[in-house]
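Any read-out appearing in this document is the output of simple, stated calculations on the displayed coordinates, not a laboratory observation. Computed from a predicted structure; not experimentally measured. Because the Cβ atoms are built from the backbone with ideal geometry, glycine has one as well, and the counts that use them run over all protein chains shown.
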Amino acid sequence: MPRRFFDDQDFHSGQAVALGASASHHIGKVLRMAVGEELVVFNGRGGEWLARITAINKKAVTIEPQRFADEDRTAPLAVTVALPMIKGERMDYAIQKATELGARSLVILDTERCEVRLKGERQEKKLGHWQQVAISACEQCGLNRVPQITGVRSLKDWLSGNLPGLRLIAHPGKNPFSPAALKGVAELALLTGPEGGFSDDELRAAEENGFVAFALGNRVLRAETAPVALLAALWAWHGR
């Protein structure tokens, strides 16, 4: 199966095009692919192109798109996952796996018990890195639409924003979720907490803004495990 690469530009059958710096570097410098090899490219707007490498130089890799496949593979339920900043590689893991499991978008939150706080240039750099993690996950798993990573937002600010009608917050010890609540639902927001859990004030604020607390069981999941486990459960409840 040809390797897949994301590149944010329009492609047209039979029209050679130079790929951007990131894709070109990966193809030419990291993987050392050769002229004539086939690959798949997608631009995040749906579908993908089977293409062939026509030239490789120091500046860019040139390809010729040959055939378009209208493959979407987007999850049937639009889930916005809101999760706290998590320390180190565990944040990459949470974003990577949430992307693979079909999160439509991800929001990074600043909560009272966050393990790490970022501001200014460091925050912008991290957001760019996390977006690339999501792109790489899409390249690997077959998704042709990349979830947008936004933030970092305060929990209070996000709670008061324009959110889907169904709003769920993961909290150990609460009642199990009723799959019947998903009937006829097209989108939802899923809020998961930091390693130290939500404060009482945060839980009250979420409830006041329409969030329904539920639990998968009595066990306390790690901050990077919770969104992954909850998304997997959602798809099982949803039937796909």
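Which of the aspartates and glutamates could be linked to K174 by a straight reach, that is with a Cα gap under 18 Å, when you skip same-chain ones fewer than 8 residues away?
E195, D200, D201, E202, E207, E208
For the cross-link pairs K59/K125; K29/K59; K29/K58; K87/K156; K29/K97, which exceed 18 Å when the distance is taken from alpha carbon to alpha carbon?
Working: K59/K125 24 Å; K29/K59 11 Å; K29/K58 9 Å; K87/K156 21 Å; K29/K97 26 Å.
Those over the limit are K59/K125; K87/K156; K29/K97.
Using the Cα centre as the reference, give the magnitude of the dipole from point charges on the C-beta atoms of the range 1-49 (Lys, Arg: +1; Asp, Glu: -1; all else neutral), rounded to the nearest 20 debye.
Working: 5 positive and 6 negative charges, 40 e Å.
Using Cβ point charges on Lys, Arg, Asp and Glu, the range 1-49 gives about 200 debye.
What is the dipole size for the range 78-238, taken about its Cα centre, with +1 at each Lys and Arg Cβ and -1 at each Asp and Glu Cβ, in debye to the nearest 20? Before the final figure, lay out the partial values.
Numbers: 19 positive and 18 negative charges, 33 e Å.
Approximately 160 debye in magnitude.
When DSSP beta bridges are limited to those with both residues in the chain, what percentage is antiparallel, rounded to the nearest 5? All intermediate terms of the calculation are to be shown ahead of the outcome.
Values: 14 of 40 bridges.
Within the chain, antiparallel bridges account for around 35 percent of the total.
At R52 and E207, where each label point lies 7 Å from the Cα along Cα→Cβ, what is the point-to-point distance in nanometres?
Distance between the two pseudo-spin positions: 6.5 nm.
Once label points are set 7 Å from the Cα along Cα→Cβ at both E195 and A16, what is their separation, rounded to one decimal in nm?
For the pair E195/A16, the computed spacing is 5.2 nm.
Taking the Cα centre of the chain as the origin and placing charges on Cβ (Lys, Arg +1; Asp, Glu -1), which of V133, W158, A205 is farthest toward the positive end of the dipole?
In the chain, that residue is V133.
Can you give me the long-range amide H partners of T54? Hydrogens built in the peptide plane at 1.01 Å from N, cutoff under 5 Å, separation of 5 or more residues or another chain.
Residues meeting the amide H criterion: G36, T62, I63, E64.
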